[in-house]
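The values are calculated or read from the model by the stated rules, or taken from the named source; none is laboratory data. Worth saying up front: this structure is predicted, and the values here are computed from it rather than measured. Positions of Cβ are generated from backbone atoms using ideal geometry, with glycine treated the same way; all protein chains shown enter the neighbour counts. The area values use the complete protein model at the heavy-atom level, side chains included, leaving out ligands, DNA and RNA. Shrake-Rupley method; radii C 1.70, N 1.55, O 1.52, S 1.80 Å.
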Amino acid sequence: LTTMGGGTSQCTVTVTPAQNDTAHTISASYTPTSQHAPSNGSNALNVTRRTTTTSVGLSPMTVLVNEPSTVTVTVTDNVGDGNEIDPTGTVTLMSSVGTDAFSPGASCSLNPMGGGTSQCTVQVTAAMDGTLHTITATFPDSTVHSTSQGTNDLTVNLRSTSTAVALS
């Protein structure tokens with residue numbers, strides 16, 4: 001305890017909650033001395049999940065039918081407090097065109113990149129022309145981060161053909 005004057009003393013501690021979306025009760029107890037009686041105090045610390053942004057990168061952004069595009073999903077911790085935490089977990093992917101195929105599957109595990117950013121990569125192959133195929137990535141709630149979703153449009157063109165007529 002540090003004496004502040006006027007019959008008041010205080011101490012300071014740092015609390016880092018590991019769980020979110022709950023009220024944590026912080027309690028303190030004063031041990032009695034020969035001059036002072038014991039006392040207790042408490043207060044509620046409300047803890048919320050850290051917000052995130054999910055973005056979807058496509059390379060290339062325009063493909064032919066049955067040609068793959070690499071999908072890079074980036075999930076970023078938005079808090080901006082200098083203590084960003086790399087998001088962890090599994091991102092799910094879907095396409096607005098049900099016949100599009102993701103490889104190795106329609107989900108990927110995030111890899112921490114540092115600085116509050118994590119990424120994962122899959123490939124998507126469009127089996128039919130649909131002009132724009134909207135690719136959506138969803139990062140679910142975790143014990144630390146809140147859910148977020150990102151989209152990007154993949155342009156899918158038909159393959160060109162040529163027709164030759166031979167006469168004999």
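Residue count for the range 73-92 under the criterion of being more than 14 Å from Ser142 (Cα to Cα) and either in contact with a strand residue (DSSP E or B) (Cβ under 7 Å, 6 or more places away or on another chain) or touching a residue at least 60 places away in the same chain (Cβ under 8 Å) (or both): the result is 5. Of the residues contained in the range 20-35, one or more are found to be in contact with a Pro (Cβ under 7 Å, 6 or more places away or on another chain), modelled with pLDDT under 95, more than 30 Å from His133 (Cα to Cα) and outside any strand (DSSP E or B).
For (1) free of Cβ contacts under 8 Å to residues at least 60 places away in the same chain; (2) at negative phi; (3) of a type in the set (Ser, Thr, Tyr), each residue gets a yes or a no:
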| residue | (1), (2), (3) |
| --- | --- |
| Tyr30 | yes, yes, yes |
| Ala37 | yes, yes, no |
| Gly41 | yes, yes, no |
| Thr51 | no, yes, yes |
| Ser55 | no, yes, yes |
| Ser59 | yes, yes, yes |
| Val63 | no, yes, no |
| Val71 | no, yes, no |
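The listed residues are Val79, Val165, Val97, and the only one of them that is modelled with pLDDT under 95, open to solvent by less than 40 Å² (accessible area, probe 1.4 Å) and part of a loop (DSSP other than H, G, I, E, B) turns out to be Val97.
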